[in-house]
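So the structure is just underneath, and the comments pick up after that.
The values are calculated or read from the model by the stated rules, or taken from the named source; none is laboratory data. Because the structure is a prediction, the values reported are computed rather than measured. Heads up, the Cβs are rebuilt from the backbone with ideal geometry, glycines too, and the neighbour counts pull from every protein chain shown.
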Amino acid sequence: MRSVVVAAAALLLAGGASAQTIKIGILGPMSFVQGEHHWAGAEMARDEINKAGGINVGGKRRQVELIRGDTNEIQSIPDATNAIERVITREKADFLVGGFRSEAVLAMQEVAADYKKLFLGAGSAHPQLGVRVEQNYDRYKYWFRVTPLNSTDLGKTLVGVLGTVAGQIRKELNRPNPKIAIIAEKAIWVEPIVKALPPVFQKMQMEVVGVWQPSATATDVTAELAAIDRAGADIVFTLLSGPVGITVGRQMGERGMKGVAFGINVEAQKEEFWNAAAGKAQFVSTIDTFAEVEMTPKTLPFVRAFRAKFGKPPTYNAGTYDAIFLLKEAIEKAGSTDADKLVPVLEKTSYVAAFGVLEFDKRHDPVWAPGKNTGMAVQWQDGKKVPFWPPQVKGMQPFKLPAR
Amino acid sequence: MLQDILVTGLVNGGVYALLAIGFSLIFGVARIVNIAHTAFYMLAAYLFYTLLVKVGLGFVLSGIVAVAAVTLLSVVCYWLVIEPVREHDAAVLIATIALGYIFQELMLISFGGHYLGIPSTLEGGVRLLGVSIPYQRLLILVVAAAVLAVTWFVLYRTRLGLAIRATANDLEVANLMGMNVHRVAMATVAISVALAAIAGVVVAPVFVVDPFMWLSPLVTMLAIVVLGGLGSLKGSLIGALIIGYVEAVTVFALPAGAYLKGAVALLIMVAVLLARPEGLFGVAFEEER
């Protein structure tokens with residue numbers, strides 16, 4: 001009898017304790033770098049918030065509790081939908097943060113909408129996630145994208161950086177019309193960019209020599225690179241999120257290609273990229289989200305604290321850090337954890353994040369605005385990831401071209 | 001463009017040949033369809049990475065230890081997994097699929113889903129017909145040729161080779177003649193997996209090492225051995241070159257469809273099988289035996 005009473009008391013205590021916390025489900029492929037950064041960013045936010053007393057919900061302080069939702073989405077989309085279901089129904093998450101692979105996030109967005117759970121994205125760039133919000137607001141209004149910019153806006157950043165890169169090629173190599181080759185993995189997130197950019201490049205007085213589309217998991221791109229080399233490309237414009245990004249970087253170095261790689265290369269955003277490419281990826285450049293520069297007053301402290309804690313700089317998936325702080329701000333403004341009350345608060349927010357100033361448009365996508373939120377660009381130089389764009393931001397360094 | 005296709009196709013064909021030869025050998029002489037073949041190749045790549053990058057043993061020692069350890073593991077796997085079900089082809093197929101996935105998950109647990117790079121054994125490269133080729137890829141071609149020659153020598157010029165061919169030809173008669181057929185089968189598995197491990201050690205430096213690296217070459221390798229004729233070493237070599245060239249032509253002729261190179265290679269395989277169900281050298285191999 002005594003053991004029953006003790007068990008009942010323990011249950012009551014556990015129930016009481018969990019009522020004091022705000023449960024945030026962190027969704028990501030936890031065996032992979034993306035999930036690791038989702039979790040690491042969230043842990044930092046949780047620790048900082050809890051240390052400062054938690055989140056003030058209508059006068060009551062509540063601690064943040066993280067729930068680890070391993071979506072395994074790189075391997076399996078059903079695993080991702082199972083994970084979000086589990087986090088919502090069994091673990092009783094109040095909010096959802098994370099996601100990476102567009103195909104999986106599109107599926108998880110449906111589950112979150114079914115349960116009317118606020119879902120802050122920190123990984124997928126696909127525009128359809130925002131289009132759904134605009135077209136069926138009542139169902140999808142609970143979705144907000146924190147990082148990265150949607151792929152259309154990423155295109156704007158790419159064009160901006162490319163202007164700088166092409167200008168340098170014109171000046172240093174005396175090429176009035178630089179030749180550009182596009183190498184884009186076959187995935188749904190690249191399709192809008194691949195369609196939109198060639199005419200833009202032509203307007204920028206660059207000659208597009210071709211579009212190559214290997215698989216996102218291709219382990220060999222020698223044929224593609226031989227063709228690009230033969231076409232005399234000055235710029236190899238990359239749209240790569242899978243491991244093919246490492247293959248491209250490494251094999252370009254092994255071939256001693258004269259063209260410089262710039263674009264989106266998600267693998268090149270990671271600290272492990274240089275070693276994964278066996279130190280061959282000299283001058284590979286990509287747009288990125290975090291570096292030790294002063295995008296906002298929060299950038300440097302966040303990146304340095306992240307590096308100190310985890311031994312590496314954050315990738316854009318660590319945007320879970322900003323997502324959780326954004327959530328905290330919204331909850332404190334609304335004085336409630338009710339998703340329907342938080343949506344209008346988030347829609348009106350102007351939040352200074354570590355990567356830029358975050359405001360949402362009618363699709364709940366981050367507003368792309370120079371000086372506020374454009375992302376940045378980095379280049380690998382002698383084993384170090386060097387930030388070089390936007391040039392006006394304090395801490396940026398020069399972009400370099402391969403020797404000819 | 002023609003010289004690009006010629007050189008790229010040859011180099012990539014060499015990579016594929018190295019992977020396909022061992023797989024073909026084990027089926028040709030022991031009638032074992034070892035789906036875990038490329039998983040052993042993956043294990044060798046991981047072990048090579050660990051010994052070279054983490055332990056710092058050096059290229060030669062790391063390579064030898066990796067090949068020897070994976071070969072030893074294959075013998076253990078043969079005893080535990082393949083031998084008990086060897087009489088049932090479907091069971092062998094399923095058991096080796098399971099083995100491949102077990103290895104994959106073990107690597108995922110041990111190393112995470114990180115992509116790892118192995119430094120090149122040989123740095124630098126050469127320009128051939130205006131096409132730049134890294135030395136590492138030439139090394140793969142040389143190793144593929146050497147492995148083929150040694151395999152041929154072992155099969156056709158040694159007593160072990162004679163025993164392997166005799167067992168493959170008629171297991172019961174070989175048994176009645178006093179041969180230890182289980183030991184012969186085990187030796188065949190060991191030789192076959194050693195070839196996969198050698199492939200892992202020399203090919204991995206041009207690829208990225210990750211727990212799923214065995215799946216993509218598995219499909220290509222199956223296409224090659226079916227195209228060349230199951231069990232035919234000559235067929236595997238020629239099949240590998242055909243697939244290498246088909247992929248190169250696809251990329252050069254259809255840049256925006258480069259991701260289709262695997263599909264086009266499989267299409268060629270289906271077309272050849274429709275015209276010649278035994279593959280290009282299936283019958284020739286039967287005669288050779």
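Overview of results
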| read-out | value |
| --- | --- |
| Tally, over segment A:273-323, of residues that are within 14 Å of chain B (Cβ to nearest Cβ) and of a type in the set (Ser, Thr, Tyr) | 1 |
| Residue satisfying all of: in segment A:245-269; more than 9 Å from chain B (Cβ to nearest Cβ) and within 18 Å of B:Arg137 (Cβ to Cβ); surrounded by the fewest Cβ atoms within 10 Å (Cβ to Cβ) among these | A:Gly253 |
| Subset of segment B:13-67 that is among the polar types (S, T, N, Q) and part of a helix (DSSP H, G or I) - its residue that is nearest to B:Trp214 (Cα to Cα) | B:Thr38 |
| Cβ-Cβ under 6 Å pairs, at least 6 apart or on other chains, segment A:182-204 side over 14 Å from A:Leu240 (Cβ atoms), far side among the aliphatic types (A, V, I, L, M) and surrounded by fewer than 24 Cβ atoms within 10 Å (Cβ to Cβ) | A:Pro198/A:Val208; A:Val200/A:Val159; A:Phe201/A:Val208 |
| Residue in segment A:283-304 that is within 30 Å of B:Leu122 (Cβ to Cβ), within 18 Å of the chain's Cα centre (by Cα) and not in a loop (DSSP other than H, G, I, E, B) present | yes |
| Subset of segment A:100-116 (residues that are out of contact with any Leu (no Cβ under 7 Å at 6 or more places or on another chain) and either surrounded by 24 or more Cβ atoms within 10 Å (Cβ to Cβ) or in the same structural domain as A:Val190 (by TED's automatic domain parsing) (or both)) | A:Phe100, A:Arg101, A:Ala104 |
| Residues of segment A:344-383 that turn out to be of a type in the set (Gly, Ala, Ser) and within 18 Å of A:Ile324 (Cβ to Cβ), as a count | 4 |
| Residues being of a type outside the set (A, V, I, L, M, F, W, C), closer than 18 Å to A:Phe262 by Cβ, at the interface with another protein chain (Cβ under 8 Å from one of its Cβ atoms) and surrounded by fewer than 23 Cβ atoms within 10 Å (Cβ to Cβ) - total across segment A:195-235 | 2 |
| Count of residues meeting criterion [modelled with pLDDT of 85 or more and more than 8 Å from chain A (Cβ to nearest Cβ)] in segment B:197-208 | 6 |
| Test for A:Lys156: is it assigned to a helix (DSSP H, G or I) and within 14 Å of chain B (Cβ to nearest Cβ) | no |
| Condition check for B:Ala36: more than 18 Å from B:Ala145 (Cα to Cα), away from chain A (no Cβ under 14 Å) and either touching a Ser or Thr at 6+ places or on another chain (Cβ under 8 Å) or among the hydroxyl-bearing types (Ser, Thr, Tyr) (or both) | yes |
| Filtered residues of segment A:29-79 (kept if modelled with pLDDT under 95, among the polar types (S, T, N, Q) and surrounded by fewer than 23 Cβ atoms within 10 Å (Cβ to Cβ)) | A:Ser31, A:Asn72, A:Gln75, A:Ser76 |
| Which numbered condition B:Thr50 misses (of (1) out of contact with any Phe, Trp or Tyr (no Cβ under 9 Å at 6 or more places or on another chain); (2) within 14 Å of chain A (Cβ to nearest Cβ); (3) surrounded by fewer than 20 Cβ atoms within 10 Å (Cβ to Cβ)) | (1) |
| Only listed residue being closer than 26 Å to A:Lys400 by Cβ and not assigned by TED's automatic domain parsing to the domain that holds A:Val211, chosen from A:Arg255, A:Arg250, A:Arg307 | A:Arg307 |
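Residue by residue, here is whether (1) farther than 30 Å from B:Ser110 by Cα; (2) modelled with pLDDT under 80 holds:
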| residue | (1), (2) |
| --- | --- |
| B:Asp210 | no, no |
| B:Leu215 | no, no |
| B:Leu218 | no, no |
| B:Val225 | yes, no |
| B:Leu241 | yes, no |
| B:Val264 | yes, no |
| B:Ala284 | yes, yes |
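For every residue, the table says whether it meets (1) more than 30 Å from A:Ser151 (Cα to Cα); (2) assigned to a strand (DSSP E or B).
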{"position": "A:Gly53", "(1), (2)": "yes, no"}
{"position": "A:Arg62", "(1), (2)": "yes, yes"}
{"position": "A:Glu65", "(1), (2)": "yes, yes"}
{"position": "A:Asn82", "(1), (2)": "no, no"}
{"position": "A:Ile88", "(1), (2)": "no, no"}
{"position": "A:Glu103", "(1), (2)": "no, no"}
